[in-house]
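Please read the structure below before turning to the comments.
The values are calculated or read from the model by the stated rules, or taken from the named source; none is laboratory data. Since this is a predicted model, take the numbers as computed values, not measurements. For neighbour counting, all protein chains shown are included, and Cβ atoms are generated from backbone atoms with ideal geometry for every residue, glycine included.
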Amino acid sequence: MKRKKVVLIATGGTIASKKKEDTGLLESGVITGEEIVQYCDIPADINVEVESMLQKASMHLTFDDLLTLKERIDLYLRKDDVSGVVVTQGTDTLEESSYFINLITNHKKPIVFTGSQRSPGEVGTDAFINIKHAILAACSEDLYHVGVVVVFNERIFHSRYVKKEHASNVQGFNSFGFGYLGIIDNEAVYIFQKPLVNEFYELKSSLPEVDIIKCYMGADDKYVRAAREANVDGIVLEGVGRGQVTPAMMGEIKQCIQAGIIVVITTSAVEGEVYTTYDYEGSAFDLKKAGVILGRDYDSKKARMKLMVGLASNHPNISEIFNPL
């Protein structure tokens, strides 16, 4: 039986952290990928090549880092002897970076993101088992043409819907309403469902500046105005329910549209999508009439990633990427 090869690209995070001697608190990204993988009990029939690309906390990652990561993934997955790629990073931005990479890569082979909620030195750490399971998933041909997935706590999630659901528990991620794609059990990968469509956008220009503005009871227009005055390229409004904002925000939102800023409305609800259910000031219907794009069931972070990628791909109709025919 031919030995499979997986490339692990390490970028830092809790999964690569140690306690600082002076404070006793964790410092992210100080353990290299080469150091940690030797404790992961990888099956003998899998060869793991490690590249410690970065050693950062995930909130320190930049889009330049992610574009470099994309280049490294492309390089490895073009090699015939590589079965898949695993990326380790901090969990705080894992749902964002994994979906961003999903949108801008187009490979049949698996790309698997993972991290940990507990550092490698803590009792009950999930670091080693998550890496092991991610490597097993990266070898699975059942994950061909699926896009970027996230492996965490024995479960396989698609990057499109995965969300960090807990700040510290080892069951840190979930896909509300859609569930996980499969599981890893006793070193076997089982896939139960796959997405019907996986999108890909080729970046043709630099990434635009897109802000997220959260809506809440009594919210005024100062953050929308600040974004407009900062000349951002896009705004994602995290509305409530079916996609509502306060009446006080509408004037500035309309000015943003007139200034050529792309505005997308999403919902803070965990499940369900924005829809023109109501006809009153600040409703999704009112927003749509003003030129705001309905962001369907995208959460604000994923909508931001998609809007950035859509604009950088010079897509002729941004509304279509959120509402395909």
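Within the range 31-61, if we keep just the residues that are assigned to a loop (DSSP other than H, G, I, E, B) and within 22 Å of the chain's Cα centre (by Cα), the residue that is surrounded by the most Cβ atoms within 10 Å (Cβ to Cβ) turns out to be LEU61. Of the residues GLY124, GLY147, the single one that is under 19 Å from PRO195 (Cα atoms) and either modelled with pLDDT of 95 or more or touching a Pro at 6+ places or on another chain (Cβ under 8 Å) (or both) is GLY147. If you check VAL189, VAL197, which single one turns out to be among the aliphatic types (A, V, I, L, M) and under 21 Å from ASN130 (Cα atoms)? Being among the aliphatic types (A, V, I, L, M) and under 21 Å from ASN130 (Cα atoms) holds for just one of VAL189, VAL197, which is VAL189.
Kindly establish whether LEU26 is under 30 Å from SER313 (Cβ atoms) and surrounded by 13 or more Cβ atoms within 10 Å (Cβ to Cβ). For LEU26, the condition - under 30 Å from SER313 (Cβ atoms) and surrounded by 13 or more Cβ atoms within 10 Å (Cβ to Cβ) - is not met. Need the failing condition index for HIS145 against (1) out of contact with any helix residue (DSSP H, G or I) (no Cβ under 9 Å at 6 or more places or on another chain); (2) crowded, with 20+ Cβ neighbours inside 10 Å; (3) not aliphatic (A, V, I, L, M), just the number. With (1) out of contact with any helix residue (DSSP H, G or I) (no Cβ under 9 Å at 6 or more places or on another chain); (2) crowded, with 20+ Cβ neighbours inside 10 Å; (3) not aliphatic (A, V, I, L, M) applied to HIS145, the lone miss is (2). For the range 128-143, the criterion of being more than 15 Å from GLY84 (Cβ to Cβ) and over 19 Å from the mean Cα position of the chain (by Cα) is met by at least one residue.
Here ASP65 meets the list (1) more than 22 Å from PHE152 (Cα to Cα); (2) out of contact with any helix residue (DSSP H, G or I) (no Cβ under 9 Å at 6 or more places or on another chain); (3) in contact (Cβ under 8 Å) with a residue 24 or more places away in the chain almost entirely, failing just condition (2).
Is it the case, given these coordinates, that ASP92 is touching a helix residue (DSSP H, G or I) at 6+ places or on another chain (Cβ under 8 Å) and among the acidic types (Asp, Glu)? Here the answer is yes, as ASP92 does meet what is asked. When LEU136, LEU196 are checked against the criterion of being under 29 Å from THR105 (Cα atoms) and not assigned by TED's automatic domain parsing to the domain that holds GLY90, LEU196 stands alone in meeting it. Residue-level check: of (1) assigned by TED's automatic domain parsing to the domain that holds SER140; (2) in a helix (DSSP H, G or I), GLY177 misses just (2).
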